[in-house]
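Colleague: This is the structure I have questions about; it appears just below.
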Amino acid sequence: MSVTAITTAEKIILDASQQDEALSDRNTHATRVAGKGADPEKKALFASVTKRIDYTPKFGTELHGIRLSELTEQQSEELAALIAERGVVFFRDQEDLDLAEHVKLGKRWGPLHVHPLIPHNQANPEVIVLDSRYQPPARYNTNNSWHSDVSFEPAPSSFSILTFDEIPESGGDTAWSNGYALYDGLSEPIKKFLEGLTATHSSDNFKVLQALTGRKTFGKLNDTEHPVIRTNPVTGWKSVFVNAVFTREINNVSQAESKWILEYLHDLVSKRLDYQVRFRWAKHSVAIWDNRSTFHTGVPDFKPFFRRGLRVTVSGEIPFFDPNSGTQAQAWEAEANAIIAKQEAAAKAKAEALEKASATTA
Ligand SMILES: [Fe+2]
């Protein structure tokens, strides 16, 4: 299918017209934290779950039995909390998540972001169209393409909701890396050092793309400063918040030091397999992730085929760092200890029952 055919049939807006030139300038920040204060056990959500698959102990979960278009308000709050805890949550067979439902789901959690450059659906400017036909020449590979969505905005994204309406026969997976684990894995002196720093995030990559394509933007391509270590407002856990695509530099250190710090962190994001999960897309699969505490990248292995994603991006709050925040590592230790205690208690009860039975038999 040619680009023209898709553009006409699906009404994709590639280029800002006079009418929508300032569309993204209206972006705002969330005024409440979706998922904060939700039932820690998430009973309403799990009442509908028929199967839960945790991809790794701390990161990535696939849920079966949920229809994203039919969530109650309580379930949607609990789901927001689960996504913040697990980083990314996957769903299969969401046939009824059309563009209207996709937008509706995002709006449950905050104002939707309008991207300053990525093409969008005409009727729904909040739905961006990630069509590999529109990508710039291959400048990215999986070492330098890890990012969290729109971190160059003053209020970067809390959640992204992604589905694909065109996928290659194979390949084109997406991988995510855990920003909580990245923080937790650093030594104490390096954690303390990074906690005092801020970084400048920029839309430089989109400025390059804009220059290459000559496309008009839908509003300003922003640059902004954020803390290097960020507190996730839902979980209260610390995570690293710099990424290879949008973080231009660490502030108040020399250029060489900034490069050295960023390269070290980016290297851990892309290489530490124990921080990562990878998702194989299928028609009607949906992934929802927390951009405040994760990084992701597409795997560019599917040429000469194409893929086309539809993404709704929820704007979050202004990033902050609270030195008294907890960590995922602490929460995980408590959870693992509770599981072990439960297993030990069950084993003990079983042994006692056996002993009792054998005593009776004797
Ligand atoms: Fe992305």
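The values are calculated or read from the model by the stated rules, or taken from the named source; none is laboratory data. Note that the structure is a prediction, hence the values are computed from the model and not measured. A quick note on method: Cβ atoms are made from the backbone with ideal geometry, for glycine too, and the neighbour counts reach across all protein chains shown.
Colleague: Tally the residues that are within 24 Å of residue 319 (Cα to Cα) and more than 16 Å from the ligand (Cβ to nearest atom), restricting the search to the range 147-177.
Modeller: Within the range 147-177, the first condition is being within 24 Å of residue 319 (Cα to Cα), and the residues that meet it are 147-162, 175-177.
Adding the requirement that they be more than 16 Å from the ligand (Cβ to nearest atom) leaves 154-155.
Number satisfying all stated conditions: 2.
Colleague: Do you know which of the residues in the range 67-95 that are more than 21 Å from residue 313 (Cβ to Cβ) and assigned to a loop (DSSP other than H, G, I, E, B) is nearest to the chain's Cα centre (by Cα)?
Modeller: Here the answer is 92.
Colleague: Of the conditions (1) outside any loop (DSSP other than H, G, I, E, B); (2) under 20 Å from residue 78 (Cβ atoms), residue 25 clears all except one; give me its number.
Modeller: Of (1) outside any loop (DSSP other than H, G, I, E, B); (2) under 20 Å from residue 78 (Cβ atoms), only one is false for residue 25: (2).
Colleague: Moving on. What about residue 65, is it closer than 30 Å to residue 181 by Cβ, crowded, with 19+ Cβ neighbours inside 10 Å and not aliphatic (A, V, I, L, M)? Before the answer, list the steps.
Modeller: Details: closer than 30 Å to residue 181 by Cβ: yes; crowded, with 19+ Cβ neighbours inside 10 Å: no; not aliphatic (A, V, I, L, M): yes.
So residue 65 fails the test.
Colleague: Listed residues 288, 261, 339; which is surrounded by 18 or more Cβ atoms within 10 Å (Cβ to Cβ) and either part of a loop (DSSP other than H, G, I, E, B) or away from the ligand (no atom under 16 Å from the Cβ) (or both)?
Modeller: On the way: 288 fails: either part of a loop (DSSP other than H, G, I, E, B) or away from the ligand (no atom under 16 Å from the Cβ) (or both); 339 fails: surrounded by 18 or more Cβ atoms within 10 Å (Cβ to Cβ).
Sole residue among the options that is surrounded by 18 or more Cβ atoms within 10 Å (Cβ to Cβ) and either part of a loop (DSSP other than H, G, I, E, B) or away from the ligand (no atom under 16 Å from the Cβ) (or both): 261.
Colleague: Still on this model: State which residue is farthest from residue 329 (Cα to Cα) when the search covers only the range 264-284 and only residues that are within 16 Å of the ligand (Cβ to nearest atom) and not in a helix (DSSP H, G or I).
Modeller: Of the residues in the range 264-284, the ones within 16 Å of the ligand (Cβ to nearest atom) are 266, 269-270, 276-279, 281.
Then keep just the ones that are not in a helix (DSSP H, G or I); that gives 276-279, 281.
Numbers: 276: 16, 277: 18, 278: 21, 279: 24, 281: 29 Å.
Only one residue fits best here, namely 281.
Colleague: Hey, another quick one. Just checking, does the range 30-53 include any residue being buried (at least 16 other Cβ atoms within 10 Å of the Cβ) and among the hydroxyl-bearing types (Ser, Thr, Tyr)? Break it down into steps so the answer makes sense when it comes.
Modeller: Going residue by residue through the range 30-53, those that are buried (at least 16 other Cβ atoms within 10 Å of the Cβ) are 30, 33-35, 38, 42, 44-46.
Narrowing further to those that are among the hydroxyl-bearing types (Ser, Thr, Tyr): none.
Scanning the range 30-53, I find no residue that is buried (at least 16 other Cβ atoms within 10 Å of the Cβ) and among the hydroxyl-bearing types (Ser, Thr, Tyr), so the answer is no.
Colleague: Further, regarding this structure: Suppose the filter is modelled with pLDDT of 95 or more and under 19 Å from residue 332 (Cα atoms); does residue 104 pass it? Working first, answer last.
Modeller: On the way: modelled with pLDDT of 95 or more: yes; under 19 Å from residue 332 (Cα atoms): no.
So residue 104 fails the test.
Colleague: Answer with yes or no whether residue 333 is away from the ligand (no atom under 16 Å from the Cβ), surrounded by fewer than 20 Cβ atoms within 10 Å (Cβ to Cβ) and within 27 Å of residue 82 (Cβ to Cβ). Working first, answer last.
Modeller: On the way: away from the ligand (no atom under 16 Å from the Cβ): yes; surrounded by fewer than 20 Cβ atoms within 10 Å (Cβ to Cβ): yes; within 27 Å of residue 82 (Cβ to Cβ): yes.
Yes: the conditions hold for residue 333.
Colleague: Under the condition of being of a type in the set (D, E, K, R) and away from the ligand (no atom under 15 Å from the Cβ), which residue from the range 291-307 is modelled with the highest pLDDT? Even if it seems obvious, please write down each step before you answer.
Modeller: Narrowing the range 291-307 to residues of a type in the set (D, E, K, R): 292, 301, 303, 307.
This time we only want the ones that are away from the ligand (no atom under 15 Å from the Cβ), so: 301, 303.
Values: 301: 91, 303: 88.
This residue is 301.
Colleague: Identify, please: which residue in the range 96-115 is part of a loop (DSSP other than H, G, I, E, B), farther than 19 Å from residue 243 by Cα and not β-branched (Val, Ile, Thr) and is, among those, nearest to the ligand (Cβ to nearest atom)? Lay out the reasoning, then the answer.
Modeller: Kept after step one, since they are part of a loop (DSSP other than H, G, I, E, B), are these residues of the range 96-115: 96-98, 108-111, 113-115.
Within this subset, residues satisfying the condition of being farther than 19 Å from residue 243 by Cα are 96-98, 108-111, 113-114.
Now restrict to residues that are not β-branched (Val, Ile, Thr): 96-98, 108-111, 113.
Details: 96: 24, 97: 19, 98: 22, 108: 21, 109: 17, 110: 17, 111: 19, 113: 12 Å.
Per the criteria, the residue is 113.
Colleague: Which residue pairs have Cβ atoms closer than 6 Å, lie 6 or more positions apart in sequence or on different chains, and pair a first residue in the range 184-208 that is under 14 Å from residue 248 (Cβ atoms) with a second residue that is of a type in the set (Gly, Ala, Ser) and buried (at least 17 other Cβ atoms within 10 Å of the Cβ)?
Modeller: Close Cβ pairs satisfying both conditions: 201/151.
Colleague: So the check is Cβ under 7 Å with 6+ separation or different chains; which pairs have a first residue in the range 22-37 that's within 10 Å of residue 218 (Cβ to Cβ) and a second one that's of a type in the set (Lys, Arg)?
Modeller: 24/220; 25/220
Colleague: Hey, among the residues in the range 308-330 that are of a type in the set (D, E, K, R) and within 16 Å of the ligand (Cβ to nearest atom), which one's modelled with the highest pLDDT?
Modeller: 311
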